[in-house]
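Working notes, beginning with the structure itself.
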Amino acid sequence: MAQDSVLNALDGAKTQWYHFTAVIVAGMGFFTDAYDLFSIANVTKLLGRIYYTVEGSKKPGSLPPNVSMAVNGVALCGTLVGQIFFGWLGDKLGRKKVYGMTLALMVIASMGSALSFGATPKGVISTLCFFRFWLGFGIGGDYPLSATIMSEYANKKTRGAFIAAVFAMQGFGILFGGIVSLMFSTAFDHAYKAPPYNVDAKASLPPQADYVWRVILMFGALPAAMTFYSRAKMPETARYTALVAKNAEQAAADMSKVLQVELEADKRPKASARLSNNYGLFSGEFARRHGLHLLGTSATWFLLDIAFYSQNLFQKDIYSAVGWLPPAAEMNAIQEVYAVARAQVLIALCGTVPGYWFTVAFIDILGRFFIQLMGFFFMTVFMFALAIPYDHWTKKENTIGFLTMYALTFFFANFGPNATTFIVPAEIFPARLRSTCHGLSAAAGKAGAIVGAFGFMYLAQSKDPSKVDKGYPTGIGMRNCLILLGVINFVGMLFTFLVPEAKGKSLEEISGENEDQEGDQTTTST
């Protein structure tokens with residue numbers, strides 16, 4: 001086949017500077033994704049104070065349940081739609097053509113999220129939700145495109161590490177979101193001194209606090225804008241050009257430029273592709289070859305994100321439940337932003353970021369299957385270890401132990417299924433369906449995130465009506481929520497057995513495309 005020399009050269013190419021450049025360019029999209037998705041958790045309590053405080057109330061204002069659901073979940077809904085749409089579009093038009101669109105959309109929507117039409121709660125929240133949906137839509141496109149581009153550029157020896165490195169930028173995005181929130185909340189708190197709510201309710205909310213959440217959200221546009229030009233200049237992946245566009249000569253030329261190797265494509269007449277090499281997503285052939293694989297990648301991502309996003313978006317509630325955050329009434333509005341952001345930064349430093357980079361270091365040594373199975377297993381163990389003696393952990397003297405255990409669940413999520421569910425769908429499906437299947441798997445994950453975000457919001461409420469947040473019904477309590485998340489992680493461990501190991505294999509070998517190519521060659525020679 002004309003593309004054989006191109007594909008073999010890609011698989012055997014030495015690690016070069018361009019591989020690292022691609023990690024940075026693709027990874028900055030994920031840096032921005034994480035910043036935009038998780039920084040909202042730092043400002044939701046502030047939004048409640050600004051727009052929903054009732055004069056004379058003993059407690060600061062908080063977002064009503066329906067508003068909190070919309071603010072926290074609308075970006076996830078947009079992400080789900082974007083993953084499916086841009087995943088499909090990436091296979092139809094090529095990775096490069098739609099790659100810049102997602103970043104431009106993220107920049108515009110980040111800026112728009114910080115703006116508002118009018119000063120009423122309804123106007124501000126409606127505008128925020130509108131732009132966060134489109135922000136999520138752009139973020140959704142980044143998942144299948146970044147993973148697919150990196151997998152198709154990388155060699156087979158270090159492919160897992162490079163895809164994992166792109167995804168690991170998410171950890172830095174979460175950390176950066178917390179740091180930015182700390183910086184601006186500290187600056188505003190020093191500039192505009194305000195007493196705690198229980199000392200002077202009205203004075204505890206200075207008018208300038210409205211700028212804090214806007215600046216934090218708007219800051220997400222900066223890293224995306226910085227890499228827009230570099231992303232637009234990236235060439236189409238050689239695998240897409242050779243296997244899908246059927247232009248091996250162009251693929252060789254593109255690869256020679258970026259990987260600094262001299263390669264000339266075989267110019268013999270191309271063999272006609274067999275029918276088995278053209279099966280579609282909804283065909284029986286796809287179901288036979290990859291049906292269980294798609295079920296495995298989708299189910300594991302769905303179950304993982306129920307636990308992962310419920311933990312991330314509602315860290316602030318867990319910290320309050322164990323007494324690590326002071327009661328809201330003992331802080332002013334800006335100090336509460338600082339307290340929530342500090343907790344996010346500490347968890348990111350101790351558990352989230354190290355977990356991602358452990359995956360980068362060991363993914364091509366231990367393999368995807370082992371790391372995913374191990375991660376789900378330890379997440380299950382630590383969830384039950386937190387839940388069963390929950391009353392013990394809520395005592396003030398045991399707070400550090402609780403936070404250590406909680407950080408370890410994040411560590412093994414990221415040195416585990418949170419990374420591998422992103423990596424594997426970019427490796428095991430044929431090139432012409434790779435972006436689509438990754439988008440579908442990722443969308444299943446975001447469906448899990450929506451279930452986790454919305455469900456956890458209600459389920460985590462206390463069984464004691466006197467301790468329930470205003471506007472919420474009673475729930476099952478934090479302890480039972482942690483037990484439920486432990487069970488979900490265990491089921492994710494079982495679904496991992498449907499996912500094949502891709503370590504050390506070429507993309508064509510693991511997806512079965514090389515079998516079709518061999519069949520084409522046999523037919524031609526006959």
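Observations on the model:
- Dipole of the chain, positive end: most advanced residue of Met405, Gly220, Ile363 [Cβ charges, Cα centre]: Gly220
- Charged side chains reduced to their Cβ positions (Lys and Arg at +1, Asp and Glu at -1) give the chain a dipole of some 800 debye around its Cα centre.
- Region 166-218 and region 39-101 have Cα centres lying 18 Å from one another.
- Correct choice for Rg/Rh (Cα atoms, Kirkwood Rh) that was computed from the model, options (i) 1.01; (ii) 0.97; (iii) 1.29: (i)
- Taking packing as the residue-averaged number of other Cβ atoms within 10 angstrom, the listed peptides 42-48, 54-60 run from highest to lowest as 42-48, 54-60.
- Where region 399-465 is the region considered: accessible area per residue in Å², 1.4 Å probe: 20 Å²
- Residue ranking by accessible heavy-atom surface, 1.4 Å probe, largest first, among Asp464, Asp33 comes out as Asp464, Asp33.
- Cross-link pairs exceeding 30 Å between alpha carbons, from the set Lys122/Lys193; Lys14/Lys446; Lys193/Lys395; Lys246/Lys446; Lys395/Lys446; Lys446/Lys503: Lys14/Lys446; Lys193/Lys395; Lys246/Lys446; Lys395/Lys446.
- For the peptides 135-144, 500-509, 427-436, the ranking by packing is 135-144, 427-436, 500-509, with the highest mean count of neighbouring Cβ atoms within 10 Å listed first.
- Close amide H partners of Tyr192, meaning residues 5 or more places away or on another chain with modelled amide H under 5 Å apart, do not exist here.
- Computed over region 1-157, the percent of Cα pairs more than 21 Å apart is 55.
- Of the DSSP H helices in the chain, those whose Cα atoms cover at least 24 Å axially and whose Kyte score averages -1.0 or more: 17-38, 65-93, 95-113, 121-153, 159-191, 284-313, 368-387, 431-459, 477-495
The values are calculated or read from the model by the stated rules, or taken from the named source; none is laboratory data. Computed from a predicted structure; not experimentally measured. Glycine also receives a Cβ, built like all others from the backbone with ideal geometry; neighbour counts cover every protein chain displayed. The accessibility values were calculated without ligands, DNA or RNA, using every heavy atom of the protein model including side chains. Shrake-Rupley method; radii C 1.70, N 1.55, O 1.52, S 1.80 Å.
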